[in-house]
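Asker: Provided herewith is a single structure, encoded as structure tokens, for subsequent inquiry.
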Amino acid sequence: MKRMTVYRLSMLALLILFISAGRALADGGEFLFAPAVYNNATDCTVIVTPSQNIQTALNNASSGDVVCVRAGTYTQQIQFRPVDSGITVQAYPGERPILNGQGSIPDGKFEGLIHVNASNVTVEGFDVFNSAGRGIVVAQLASETQSQQNVVIRDNIVRGSTDAGININGTANNYPRNILIEGNVVYDNLEKNTNGADNGGSAVAFLETENSIARGNVIYHNLGEGLVADRWTAGL
């Protein structure tokens, strides 16, 4: 095949790819970059449906449980307390539940629609949308003497938050450790900066955190900084 023919075919293939990607972006629930969900149904020990409450299932779960959430829209905050260590909350395989804060949940501007104050937990496969505060937060409680560790935030879509998309933060005395932020899509956050307001903030931020990893995330079109490691963070 002639070199020019190969070139033209390559350019045509790229053009088709760009057009297809553009059509995937999203007002109707589709996304330009949608992370894959690889969860296995055999791992589920608890299954939550849209008629049920995710927080209630989490509160009743024990270390080692895998709470699988079926597709649907859930208008609530999910909060992992220190006693919830060792629990996984994930999308049911092949599905993507929507956690919608409706611009009014949670109550605190520094809280996350998914808020993790526990160790050895995984949050995976959610569409975290329209938080009144932050999208997903991993936060060391000042009242806890043990450092928070081994938290995985994977394959979530985080969009439309008033403040940060994903925020990991410690305290002056205890830094979260071994936090993995992987394969998430984070966009259209920091809406507090709409219309030229300059209130600062980052789409994904590590603050006072040690020995942690951010990899394979897609971060774009946020009204502030993208990925930031700040305030005595080390080993990132």
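Since every read-out is calculated from the coordinates, none of them should be taken as a lab result. Just so you know, these numbers come straight off a predicted model, no measurement behind them. Backbone-built Cβ (ideal geometry, glycine too); neighbour counts: all protein chains shown.
Asker: Along Cα→Cβ, 7 Å out, is where each label goes; now give me the distance between the ones at GLN76 and ASN150 in nm to one decimal.
Answerer: According to this spin-label approximation, the distance is 2.7 nm.
Asker: Hey, quick one: spin label on SER104, modelled 7 Å out along Cα-Cβ, who in the range 57-81 has an amide N within reach, i.e. under 12 Å?
Answerer: Within reach of a label on SER104: 76.
Asker: Can you compute the FRET efficiency between SER51 and ASP198 using 1/(1 + (r/R0)^6), with r the Cβ-Cβ distance and R0 = 41 Å? Round to the nearest 0.05. Before the final figure, lay out each step's value.
Answerer: On the way: r = 43 Å, r/R0 = 1.05.
After rounding to 0.05, the efficiency reads 0.45.
Asker: Here's something else I'd like to know. Given points 7 Å out from each Cα along the Cα-Cβ axis, report the SER63 to LEU180 separation in nanometres with one decimal.
Answerer: Placing both labels 7 Å along Cα→Cβ, they lie 1.9 nm apart.
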